[in-house]
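One structure coming up, written as structure tokens, with questions to follow.
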Amino acid sequence: MANGGIIGPVNTVTCTAVAANVVPITASGTYNKTSGAPTTVNLIVVGGGGGGGPEGGGGGGGGMVYIPCHSLGASAIPVVIGGGGANQPGNNPGVNTTFGNPSGTITAVGGGAGGGCGGATPARSGFPGGSGGGSSRAASVGSATQPSQPGVSGSAGFGNNGAPSDSSGGAIGGAGGGAGAAGSPAPTAAGGSGKGTPSIPWVPSSVGASGLFAGGGSGWRDTGSPAQPGTGGGGKNTNMPGYAAPAPEKNGADNTGGGGAGAGASPGSGGSGVVVIQEQAFNIKKAPGVWDMNTVYDFVKDDNWV
């Protein structure tokens, strides 16, 4: 039977629905979209969290960029996942996470380190970053430097300032800022919320820290009840007297961009960053038999030929 000028069986086109697919990228490499999926995706990019300060402030969460309906410029896209700031005294910011080629790169800035002190070392301010680090004692706080991404429709950058410490100069540091809120001031010393604004309903709870990212680390406190972690992967101080090292939860959670907690002589390290992509749902069209050339051309042009 004739089929567009080609002899063969009649084609009956059927559609198979492919559901939307969430792709977390937790290590540097290259992203290739699923064959047949649209070239428009929802995109989250999170920088590495800042390290906490000794006897000081919590590290800031990594800067977070959320771009709905982002158009991919190439089939293979370089991705660099930023590491978290080290758990050593001094300025230890998180590392930037990048998505894209140099001509069109999206950058989430690493979180600022928490300010530190101890012994003869004077109180230090929190450091700037994607979200700012909290201060140690009565010093100023770190400011957020995560910019929006200009020129991309629907883009927004999320980052907030760190918190001040106990105004009396006591042994309580301020919390690092998070993607959704500034760090909480002492004596609460809980990290800022890591929830992005607006809320992102397509992110499953199995990704990040219960679906959240870039929480600030809590500030150091030598007495009283333990400070709480920042939602979104921020580390917490666990109320260990003096210079005793706190438990592992002082560290920011990896692949959330959470900041490390300020904690005695050995503060928490920041968590590494992450890229999360939601590929949109699509249909695969297929049929048995012989295709005419116009149909093949149309499907190939739509990136829907399998």
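The values are calculated or read from the model by the stated rules, or taken from the named source; none is laboratory data. Because the structure is a prediction, the values reported are computed rather than measured. A quick note on method: Cβ atoms are made from the backbone with ideal geometry, for glycine too, and the neighbour counts reach across all protein chains shown.
Got at least one residue in segment 182-196 being part of a loop (DSSP other than H, G, I, E, B), closer than 30 Å to Ala17 by Cβ, modelled with pLDDT under 90 and within 14 Å of the chain's Cα centre (by Cα)?
yes
Taking segment 75-92 as the search range and keeping residues that are closer than 16 Å to Gly62 by Cα and without any contact (Cβ under 8 Å) to a residue 60 or more places away in the chain, which one is farthest from the chain's Cα centre (by Cα)?
Asn91
Working only within segment 72-104, note down all residues that are modelled with pLDDT of 90 or more and in a loop (DSSP other than H, G, I, E, B).
Scanning segment 72-104 gives Ile81, Gly82, Gly83, Gly84, Gly85, Ala86, Asn92, Pro93, Gly94, Val95, Asn96, Gly100.
State yes or no: is Ala247 modelled with pLDDT under 90, among the aliphatic types (A, V, I, L, M) and closer than 24 Å to Gly53 by Cβ?
It is true that Ala247 is modelled with pLDDT under 90, among the aliphatic types (A, V, I, L, M) and closer than 24 Å to Gly53 by Cβ.
Also, I was wondering about something else. Would you tally the residues in segment 51-71 being of a type outside the set (Asp, Glu) and part of a loop (DSSP other than H, G, I, E, B)?
12
I'm trying to understand the selection: among the residues of segment 24-39, which are polar (S, T, N, Q) and at pLDDT 90 or above?
Thr26, Ser28, Thr30, Asn32
Only one of Ser148, Ser167, Ser143, Ser155 is at pLDDT below 90 and farther than 30 Å from His70 by Cα. Can you tell me which?
One residue alone meets the criteria, Ser167.
Among the residues in segment 92-110, are any assigned by TED's automatic domain parsing to the domain that holds Asn161 and in contact with a helix residue (DSSP H, G or I) (Cβ under 9 Å, 6 or more places away or on another chain)?
The answer is no, given that none of the residues of segment 92-110 is assigned by TED's automatic domain parsing to the domain that holds Asn161 and in contact with a helix residue (DSSP H, G or I) (Cβ under 9 Å, 6 or more places away or on another chain).
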